[in-house]
1. Rounded to whole Å, give me the distance from the Cα center of segment 198-225 to that of segment 54-78.
2. May I ask for the percentage of alpha-carbon pairs in segment 75-199 that lie more than 23 Å from each other?
3. Which of the peptides 73-79, 211-217, 196-202 is most tightly packed, and how do the rest follow, judged by the mean count of other Cβ atoms within 10 Å per residue?
4. With bins 10 Å wide starting at 0, give me the P(r) of the chain over every alpha carbon pair, in whole percents.
5. Multiplying the sequence separation of Ile223 and Ser8 by 0.36 nm and subtracting their Cα-Cα distance, what value in nm do you get?
6. Report the gain in length on full extension from Lys150 to Asn212: 0.36 nm times residue separation, minus Cα-Cα distance, nm rounded to one decimal.
7. Just list whichever of Lys15/Lys222; Lys183/Lys222; Lys149/Lys224 have alpha carbons separated by over 21 Å in the model shown.
8. Taking a point 7 angstrom from the Cα of Arg29 along the C-beta vector, which residues in segment 47-62 have backbone N less than 17 Å away?
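Bear in mind that the values in this text are calculations on the coordinates, not laboratory data. Please read all numbers here as calculations on a predicted model, not as lab measurements. Because the Cβ atoms are built from the backbone with ideal geometry, glycine has one as well, and the counts that use them run over all protein chains shown.
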Amino acid sequence: MSEHTSGSAKTQAMKSLQQEYLHDLLAARRKDAAEKAMNAFRSGQSIPDIYTEVLQESLYEVGRLWETNQITVADEHMGTAITQFIMSSLYEHLEVSDVRRGRVVVTGVQGEMHQVGANMVSDMLEADGWRVMFLGADVPLESIVQSVKKHQADLLGISVTLYVNLPRVVELIAMLGRELGPKTPRILLGGGAFAMTDEVPAELKGAMVAHNLHEAIALARKIKR
Ligand code: B12
């Protein structure tokens, strides 16, 4: 089999897996969904590929079904809960690099409830050698500043799904500037709010924006400590 053929066979296999996995998710078959994800891992698929091509794609589809009233909010909550359960199982198998890259706080600002993407990025940064403090979502701005100070973070990753939360990110960065001055960590932004655009408010121009897990790792590696 040529490299090209085996690449597209892999893509096709992951697409089929994603469809079957999504069926399990919507049918509340948590064990079956978990087994599919674990089998993919055992047969050589990487955790970032399973995260994005299977888990993330399925949640995006859950979002589309929910938006068009084909499933209920309860179905969506269940899909998210099953996803988070499966991520914890995969996390146990995460191989962590020996390289010491620095300290990163990853969070969602107050008002932002979406936390699965930030969780995925946290896991991948940890695997890449970062000491990760993942705060979850909906964290008050003052607490994020305290956490950055306490952990002497070199990098702050902020997950934003809803555009309406961007002003809070601007406020957070202003607070950090007042509290930490030149010791303010580099800022790495990501999440649904940046999926279609690189446009960020003028106040966020110095921040880096990642559109996927690979970009997140590459940009984080670039910062000077
Ligand atoms: C699950 C979900 C929820 C759950 C979240 C629970 C939880 N614990 O996370 C709950 C029920 C709380 C929720 C609520 C709402 N939601 Co919602 N939700 C979703 C859903 C279905 C999945 C989100 C998800 O986990 N995606 C999978 C992750 C892995 O993808 P991701 O976030 O894009 O992350 C990747 C990248 O973006 C990036 N990334 C993400 N974060 C970061 C951070 C850094 C630092 C970096 C570098 C990279 C990075 O890397 C990740 C991995 O590749 C989406 C559908 C969708 N398209 O995403 C809707 C969706 C995001 N929600 C939506 C809406 C409208 C809402 C509500 C307003 C609904 C309502 N009327 O109440 C509320 C708002 C709540 C709030 N204030 O935040 C819309 C948003 C539309 C928009 N653009 O504004 C969507 C797109 C659904 C839709 N199609 O309409 N939601």
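1. What the calculation gives is 28 Å, centre to centre.
2. 32
3. Those peptides, ordered most packed to least, come out 211-217, 73-79, 196-202.
4. 8, 31, 34, 21, 6, 0
5. Result: 74.0 nm gained on full extension.
6. 19.5 nm is the gain from fully extending Lys150 to Asn212.
7. Beyond 21 Å between Cα atoms: Lys15/Lys222.
8. 55, 58
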